[in-house]
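This report refers to the structure that appears directly beneath it.
The values are calculated or read from the model by the stated rules, or taken from the named source; none is laboratory data. Since this is a predicted model, take the numbers as computed values, not measurements. Cβ coordinates were reconstructed from backbone atoms using ideal geometry, including for glycine residues, and neighbour counts include every protein chain displayed. Just so you know, the surface numbers come from the protein's heavy atoms only, side chains and all, with ligands and any DNA or RNA stripped out. Shrake-Rupley method; radii C 1.70, N 1.55, O 1.52, S 1.80 Å.
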Amino acid sequence: MIVLIAVSFRLAGRRHTDRPYGQDEPCRGRVHVAKSTIIGAKMTIRSDIKIVAEIGLLIYPGAQLAAVYGLTDLFRIAGEWALPLEGGPRPAIRVTHWKSGPETGPEPRMECIWDSHPGDGHSLSHVIVPPSIIMPDKMPSMQAPAAWLAGRHRAGATLCAICAGAFVLAETGLINGRRATTHWAFAHALADRFPDVEVAVERMVIDDGDIMTAGGILAWTDLGLTLVEKLMGPSTMLATARFLLIEPPGRQQRPFAQFIPRFDHGDAAILRAQHHLHATRAQTYDLAELSTISGLEQRTLLRRFRKATGLRPTEYAQEVRIAKAREQLEATNQPVEQIAWQVGYSDPAAFRKVFQRITGVGPATYRQRFGVT
C-alpha cells in the first residue's frame, strides 16, 4: 500500500504543490499522467468501463493529503478488482480532487484540480472531507468549504467526513440533531463546539444515508471500503480489502479509545472530587465521601459532576478503574481475576461486564490484541 500511495504522490502530488495557490490547470479534459503519455492531451472515458459514481475529495486548509491520495488509490484498485456488469463494461469510480479557487463573487468557488476520468462536466454523487493534520482547537473557520458542501448536498450528493473532517462538515449545520462520529480524542471538542450534534464515537463508521462519518485518522480505509461495497458490491469490497491487507468495515473505536478526564471545567468543588478518585484509583468509591470532599450536598454533587465531566460519579469511577485495568492487561501477565481485585472489583464477573461495556471487548480479547508481553 505504501508503494501505491507513493505512485499517487508522483502522479497527482504536483497538482497540489508545484503551482501557486489558485493556479492549477482546470480538470476538464486535462490530467497529469505517466511521463510516457502526453500531459494535457484530450482524453475520453474508456468504453470498456462504466462510471457508477463520482466521488469528490475536498482539499481544505490543513487537510491530510495522505488520506486524499490513499482514497484515490483505493477506489482505483476497487475498479481493477470489480467484475464486469452482466458481461458488459467494468464498473469504475470517478475520483476528483477539489480545492478553493479565487473569490469571484458571493458564492464560494471550488475548483477541480485532478480528475481520474476527465470528461465534460461533473456530477458529484459523494463528497469526502478528509482528516485534518491540524488539531481541532487550532482549525480555522471553514465557512467557504462548508457552504460549498451544503450546495453539493442540496444537489443530491452524499457528504462524508473522516476524523476531524467532521468539524468542517458540522459547520454546514447539516448534522445538527443527527448522530456523527469523529476521532475519540476529539469527541468532547466536537460536542462543545457544536452542541446540537449527537456525537457517538463507539463505531468507526456511521452511515446515515445522505451523511456518513468515520472516526480515526486512518478510518479513511473503513469509509472507502464502505463506499466500495455500496457502489460495487460486497465481493469487490472484500477483494479490495484483501489486496490492500486491511480489515473490512465493521470495526469499533472503543477498544482503542482512552479515558481522557476533563479538568478544565472551572468547578473547583468537582475538581476536588475528581482528584480524590484519581488519587485512590476509585477503589473505595463512596458518594457520601465524595460529598464531604467536595463540600456539596449529594444531589448537587451529582448534578454538577455530570455537567462538569459528562459522566455520573459512578461512571467516572468505573472509567478510572478500567483505565488502570487496561494498563495491567497490556503490560503484565497477571490473571484477569487478580487484576479485577487490584482495581476494586471483588467479583470478576462484574469486572468483565463493566470492561466489556466500556471497551467493547472482554479482558482476554483486549489482552490478546494490545498486550505487549
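Of all the residues that make up the stretch 294-345, how many are in contact with a Ser or Thr (Cβ under 7 Å, 6 or more places away or on another chain) and hydroxyl-bearing (S, T, Y)?
2
Which of the residues that make up the stretch 69-89 are hydrophobic (A, V, I, L, M, F, W, C) and surrounded by 14 or more Cβ atoms within 10 Å (Cβ to Cβ)?
L71, L74, F75, I77, A78, W81, A82
Any idea which residue in the stretch 186-210 is most open to solvent (accessible area, probe 1.4 Å), counting only those that are within 13 Å of the chain's Cα centre (by Cα) and touching a residue at least 40 places away in the same chain (Cβ under 8 Å)?
R203
Checking Q368 against (1) under 19 Å from R281 (Cα atoms); (2) open to solvent by 20 Å² or more (accessible area, probe 1.4 Å), only one condition comes out false. Which one?
(1)
Among strands (runs of 3 or more DSSP E) lying entirely in the stretch 155-260, which contain 2 or more residues that are closer than 20 Å to A78 by Cα and modelled with pLDDT of 95 or more?
158-162, 211-214
So how many residues does the stretch 320-342 have that are free of Cβ contacts under 8 Å to residues at least 24 places away in the same chain, in a helix (DSSP H, G or I) and of a type outside the set (D, E)?
Total satisfying the criteria: 5.
For the list (1) in contact with an Asp or Glu (Cβ under 6 Å, 6 or more places away or on another chain); (2) over 30 Å from A308 (Cα atoms), I need the number of the one condition that L159 fails.
(1)
Looking at the stretch 120-146 only, could you name the residues that are of a type in the set (A, V, I, L, M) and either assigned to a strand (DSSP E or B) or touching a strand residue (DSSP E or B) at 6+ places or on another chain (Cβ under 8 Å) (or both)?
Result: L124, V127, I128, V129, I133, M139, A144.
Right, L149: in a loop (DSSP other than H, G, I, E, B), more than 17 Å from L65 (Cβ to Cβ), at pLDDT 95 or above and more than 16 Å from the chain's Cα centre (by Cα) or not?
no
Of everything in the stretch 47-102, what is polar (S, T, N, Q), part of a loop (DSSP other than H, G, I, E, B) and under 30 Å from P140 (Cβ atoms)? Give them in sequence order.
Q64
Residue under question is T240, and the condition is that it be within 19 Å of the chain's Cα centre (by Cα), among the polar types (S, T, N, Q) and under 30 Å from P84 (Cα atoms); does it hold?
No.
Residue-wise test of (1) within 22 Å of Q64 (Cα to Cα); (2) surrounded by fewer than 17 Cβ atoms within 10 Å (Cβ to Cβ).
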{"residue": "H117", "(1), (2)": "no, no"}
{"residue": "G121", "(1), (2)": "no, yes"}
{"residue": "I128", "(1), (2)": "yes, no"}
{"residue": "P131", "(1), (2)": "yes, no"}
{"residue": "D137", "(1), (2)": "yes, yes"}
{"residue": "R178", "(1), (2)": "no, yes"}
{"residue": "W184", "(1), (2)": "yes, no"}
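Any residue in the stretch 302-319 that is in contact with a helix residue (DSSP H, G or I) (Cβ under 8 Å, 6 or more places away or on another chain), surrounded by 20 or more Cβ atoms within 10 Å (Cβ to Cβ), without any contact (Cβ under 8 Å) to a residue 60 or more places away in the chain and assigned to a loop (DSSP other than H, G, I, E, B)?
Checked the stretch 302-319: no residue is in contact with a helix residue (DSSP H, G or I) (Cβ under 8 Å, 6 or more places away or on another chain), surrounded by 20 or more Cβ atoms within 10 Å (Cβ to Cβ), without any contact (Cβ under 8 Å) to a residue 60 or more places away in the chain and assigned to a loop (DSSP other than H, G, I, E, B).
Among the residues in the stretch 259-277, are any under 30 Å from I217 (Cβ atoms), open to solvent by 70 Å² or more (accessible area, probe 1.4 Å) and acidic (D, E)?
Yes: one or more hits.
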